[in-house]
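Below is one structure, written out as structure tokens; the observations come after it.
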Amino acid sequence: MNKLEHLLQPIRVRQLEIPNRVVMPPMGSNLGNTDGTVSEANLAYFKRRIQSGAGFIITEITSVHPNGIASPRTLCVYDDRFIPGLAKMADIVHRQGAKIAMQLHHVGREGYYLLKEGKALAPSAIASYIYRIKPQEMNIEDIKETITAFGQAARRAREAGFDAVELHAAHGYLLMQFLSHHCNQRTDQYGGNFAGRARFVVECLQEVRKQVGEDFPVSIRISAEEIIKDGYTVEDMQSIMPILVEAGADIIHASFGTHGSPGGITSAPVEYEPGFKVELARKVKEVVKVPVIAVGRFTDPFMADEIVTRGDADMIAFGRQHLADPDFLINARLGRVQETFPCLACNQGCIERLLFEQGSIRCAINPETGQELEYPVQAAKKSKKVWVIGGGPGGLTAASEAARLGHQVTLFEAGKEAGGQVLLAARVPYKKVYGRWIEVLNARAIKHGAEIITNQEVNEEMINKGQPDEVILASGAGPVWPDIPGVDLPHVCYAQELLNGAVAPRGAVVILGSGLVGMETADYLREKGIKNINIIETEARSPVSTLTSHGYMLHKRLRTAGVKFLFNSRVTEIGEESILLQREPDKQQELKPVHQVIVATGSTGRNRLEDFLKQGGIPYHLIGDARKPRRIIEAVEEGAQAAWQL
Ligand SMILES: Cc1cc2nc3c(=O)[nH]c(=O)nc-3n(C[C@H](O)[C@H](O)[C@H](O)COP(=O)(O)O)c2cc1C
């Protein structure tokens, strides 16, 4: 049996012995204090992550200069006053026996707050990919000052007890902006051909090396491929790799993509296979002898071990898997991988929450992540008899958490298995892993002591008889049946009936509603070979945003497959083989042939028992879709909160 022997081998970089080849890559948390210092929440979050046993931990972006700060809660290292807080981080990691690098960062033109104030700096005055606002072009003085700032930041990292530093030259931030001709159109010595554009990065590395001395390891994180139209290629990168090593880089961290890359590929959605960019690490290894880190959707240590064994990479970074379940490596080591929550790559709690909601880090399926200070560890003072009604992700999380805290928990699920809507989501293309998560969650709830009773609808009489101390009402949501003439014809069904196999797809299909259920049902049909699919939407656009990585992929897949979207359209009548549409106030259209009409017009919370509980004075918590249909992250969060408050 593979015992992870290569992945768990130590690796030496200069004087530093790293105990194994598992890396926690940098992940911005937005948990820092607003003055840039390390907060208690940062430390608690970090402490839990590193229990994974990863050998090499890299901090989130840490600003080397006030004019390079990404957001108000970004950690900073541009002054000596930041050293004490950062030292605490290093200390936590050392107590765990791991080694820690600080990621040195300058946001350049991708910092919203700086752009808004007209203070953002960049190689050229070309607007940010994300915010579409122009930065100021750096003059030579700015460039020299920034190079010095990288060096001083590295010196501070060393003084704070860090084992290494990593320069963030990836993902479209300042150092990469210099590398990219899309952002760097300078005509001086810092622009021009690829070698000219690399000069700034090289000088930063040289200055860092000068400040930290010869024995201190320096990593550089690159986007080995720009992944943008006419962007630089891995071959371009190969051409400068030896120069970067010569300038002081001891480790190459081979990431990919930039802010303008399609579909958030840097933190890739579920559509991408684990390890899908490992060839970039291999290509970097072709041209340099220093250790190379591979990254991208890794969740399975055994797969990582194979890659290290093959020699495609020397170390493997597990990013979001550290958020979904920091015990993944321990579980693999102890032969209990079936207990690990697999990362769903949904990005709901992590990167998309940071980018689009300005929130701090969470994980859609792991409610402890980012809330380590509030997360109850001790059993509750009083063990209560708790009934959880409904076994979707919210109910299962509530049952698991309540049982973990010592309550006597019974979960009732009306269907034949727990999992709710997620069981259907797991049937659409690429989302099988959602089903795996539900299996693990189910098993976890049972392991903690919850009893799960399926095929059991709960009624008032049962509650009267059972007398629970508290009820968690997690009865989910049911689909809405629209009021349209002809809707009761036999060829009309709910999307859910199609996904659960009760109804077979046939012929030319019309889907009513372009929300996630409608879109994913179209994707399911596309995969089944259905060619003629129309999606009708009353609004001007789909609520599934193309800014989210899964949303982007889904839209692209459906359009490529020829799925047609009819926006601003209302179905006024469903016929045997056609439908009538009201497109604009005075424009009617007939669509035919139509062999199947699939309803995906939203859902409504099932909270039938709420009044009864209220009137009976039975303490209850209404959570998840039963309260209001939303995403997995809300259901899980409310389930956990209800359990923690018992
Ligand atoms: C919430 C979040 C924050 C991130 N912040 C950083 C960062 O500060 N610096 C960085 O180089 N990469 C950052 N990344 C990218 C990750 O380091 C990693 O490259 C990416 O998530 C792909 O790895 P994974 O598929 O294992 O998650 C971040 C990713 C996430 C999900």
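Summary of computed values
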| read-out | value |
| --- | --- |
| Within the chain, longest stretch free of exposed GluC sites (Glu not before Pro) [DSSP loop, at most 14 other beta carbons within 10 Å] | 215-373 |
| Candidate lysines - alpha carbon under 22 Å from Lys99, same-chain residues fewer than 8 apart omitted | Lys47, Lys88, Lys210, Lys289 |
| Unsatisfied cross-links (Cα-Cα over 28 Å) in the set Lys382/Lys628; Lys119/Lys283; Lys531/Lys628; Lys528/Lys592 | Lys382/Lys628; Lys119/Lys283; Lys531/Lys628 |
| Estimated distance in nm for a label pair at Glu273 and Gln189, the labels positioned 7 Å out from Cα along Cα-to-Cβ | 4.6 nm |
| Computed magnitude of the charge dipole of region 445-501 (debye, nearest 20; Cβ of K, R +1, Cβ of D, E -1) | 240 debye |
| Hits among lysines - C-alpha to C-alpha of Lys384 under 21 Å, sequence gap 8 or more where chains match | Lys447, Lys465, Lys614 |
| Rotationally averaged projected area of region 492-601 (alpha carbon convex hull; nm²) | 6.4 nm² |
| Per residue solvent-accessible surface (Å²) - the chain, probe of 1.4 Å | 40 Å² |
| √(5λ) per eigenvalue of the Cα gyration tensor, region 406-524, largest first, Å | 33, 19, 11 |
| Listed residues Lys289, Lys592 arranged by accessible area, highest first, probe 1.4 Å | Lys289, Lys592 |
| Inter-label distance for Tyr129 and Arg506, nm, one decimal - labels placed 7 Å from Cα along Cα-to-Cβ | 4.7 nm |
| For the chain, size of Cβ-based charge dipole, Lys and Arg +1, Asp and Glu -1, in debye | 420 debye |
| Mean-position separation - Cα centroids, region 597-646 and region 225-287, in angstrom | 44 Å |
| Whole-Å semi-axes of region 56-113's equivalent ellipsoid (Cα gyration tensor) | 23, 12, 8 |
| Qualifying trypsin sites (Lys or Arg not before Pro) for region 100-174 [loop in DSSP, other Cβ within 10 Å: at most 11] | Arg132 |
| The chain, helix-only ellipticity at 222 nm - DSSP H runs n ≥ 4, -39,500 (n - 2.57), divided by all residues, nearest 500 | -9500 deg cm²/dmol |
| In Å², nearest 10: area of Thr546 left accessible to a 1.4 Å probe | 80 Å² |
| Cα-based Kirkwood hydrodynamic radius, region 1-140, one decimal, Å | 16.6 Å |
| Gained length - Val377 relative to Asp80, 0.36 nm times residue gap less alpha-carbon distance | 103.4 nm |
| Exposed-site-free run, longest, the chain (rule: chymotrypsin sites (Phe, Trp or Tyr not before Pro); DSSP loop; at most 15 other C-beta within 10 Å) | 277-566 |
| Calculated SAXS-style log₁₀ I(q)/I(0) at q = 0.11, 0.12 Å⁻¹ - region 11-357, Debye, Cα scatterers | -0.65, -0.79 |
| Residue-count net charge about Gly196 - beta-carbon cut-off 14 Å; Lys, Arg +1, Asp, Glu -1 | 0 |
| Rg/Rg_ref, region 352-433, where Rg_ref = 2.2 N^0.38 Å and atoms are Cα | 1.32 |
| Sequence-separation-based contact order of the chain, relative, with Cα cut under 8 Å and 6+ spacing, percent | 11 percent |
| Residue-count net charge about Glu457 - beta-carbon cut-off 13 Å; Lys, Arg +1, Asp, Glu -1 | 0 |
| Cα-derived Rg to Rh of the chain, Kirkwood definition | 1.01 |
| The chain - percent of accessible surface contributed by carbon and sulfur, probe 1.4 Å | 49 percent |
| Scattering curve values for region 310-405, log₁₀ I(q)/I(0), Debye with Cα scatterers, q = 0.10, 0.21, 0.23 Å⁻¹ | -0.37, -1.23, -1.30 |
| Debye intensity ratio in log₁₀ form over the Cα atoms of region 506-545, taken at each q of 0.20 Å⁻¹ | -0.54 |
| Region 536-580: trypsin sites (Lys or Arg not before Pro) in DSSP loop, at most 16 other beta carbons within 10 Å | Arg541 |
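The values are calculated or read from the model by the stated rules, or taken from the named source; none is laboratory data. Treat the numbers as computed from the prediction; the structure is a model and nothing was measured. Glycine gets a Cβ as well: all are built from the backbone with ideal geometry, and neighbour counts include every protein chain shown. The accessibility values were calculated without ligands, DNA or RNA, using every heavy atom of the protein model including side chains. Shrake-Rupley method; radii C 1.70, N 1.55, O 1.52, S 1.80 Å.
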